[in-house]
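Peer 1: The structure's right below; bear with me while I get my questions together.
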Amino acid sequence: MPWLNLPSWFHRGLIDKFNDFIEESRIEIEKNLEDNFTSQISTKLLNEYGILTIVTLNNPNVMRIQPPLIIKKEDVDYFVKSLDSVCCSMKILDKGDID
């Protein structure tokens, strides 16, 4: 195979380009995960606890809580415990210690 006879500097150059590509890909994946992080929390709150939240359009890192007009302390406690549980399941917090 003729490509095997290429100079060693050529192979090093390919390896360097490949490593650069891998690093750029990793950075882009992490950025996309960060951009969707609040949406993941919002989705888990809705699917697992029936809590409706909305990610704002102008800032994807802001989540609006949509409580009813009349809210009880028990409802607030339920939300806080649910959010704590979601954060723990996503490894945001070390342990669920909200009382």
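The values are calculated or read from the model by the stated rules, or taken from the named source; none is laboratory data. All values reported here derive from a predicted model rather than from experimental measurement. Cβ sites come from the backbone with ideal geometry, for glycine too, and all protein chains shown count toward neighbours.
Peer 1: I'd like to know if region 30-41 contains one or more residues that are among the aliphatic types (A, V, I, L, M) and at pLDDT 85 or above.
Peer 2: Scanning region 30-41 turns up at least one residue that is among the aliphatic types (A, V, I, L, M) and at pLDDT 85 or above.
Peer 1: Just name the residue that is surrounded by the fewest Cβ atoms within 10 Å (Cβ to Cβ) out of those in region 57-68 that are within 18 Å of the chain's Cα centre (by Cα) and outside any loop (DSSP other than H, G, I, E, B).
Peer 2: Arg64
Peer 1: Modelled with pLDDT of 80 or more and within 14 Å of the chain's Cα centre (by Cα), is that true of Phe21?
Peer 2: For Phe21, the condition - modelled with pLDDT of 80 or more and within 14 Å of the chain's Cα centre (by Cα) - is not met.
Peer 1: Right, here's the next one. Which numbered condition trips up Asp99, out of (1) at pLDDT below 80; (2) assigned to a helix (DSSP H, G or I)?
Peer 2: Tallying (1) at pLDDT below 80; (2) assigned to a helix (DSSP H, G or I), Asp99 fails exactly one: (2).
Peer 1: Could you identify the single residue in Ile54, Ile71 that is part of a loop (DSSP other than H, G, I, E, B) and either surrounded by 17 or more Cβ atoms within 10 Å (Cβ to Cβ) or β-branched (Val, Ile, Thr) (or both)?
Peer 2: Ile71
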